[in-house]
Amino acid sequence: MNEDLQDRYNFIESNYASLFKKLETSPEDTEILQQLQTQLNTERYLRRLLDRINS
């Protein structure tokens, strides 16, 4: 389970660059902002969960 969560966390982190590039080309696109916010929230949740598991 820990490895699966870590893989998901790494996948989410790897998507940030592409979303920020999309945001630069379309700053008015609220869908991109929404995706970024969702990924940030998910990343925070997974990080806290992984920290608890590893403690």
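A few points about this structure:
- Looking only at residues in the stretch 41-55 that are assigned to a helix (DSSP H, G or I) and not charged (D, E, K, R), the one that is surrounded by the fewest Cβ atoms within 10 Å (Cβ to Cβ) is ASN54.
- LEU23 surrounded by 11 or more Cβ atoms within 10 Å (Cβ to Cβ), farther than 27 Å from ASP4 by Cβ, of a type in the set (A, V, I, L, M, F, W, C) and modelled with pLDDT of 90 or more: no
- When THR38 is tested against the conditions (1) exposed (fewer than 13 other Cβ atoms within 10 Å of the Cβ); (2) touching an Asp or Glu at 6+ places or on another chain (Cβ under 7 Å), the lone failure is (2).
The values are calculated or read from the model by the stated rules, or taken from the named source; none is laboratory data. The model shown is predicted, which means the values in this text are computed figures rather than measured ones. Virtual Cβ from ideal backbone geometry, glycine too; neighbours counted across all protein chains shown.
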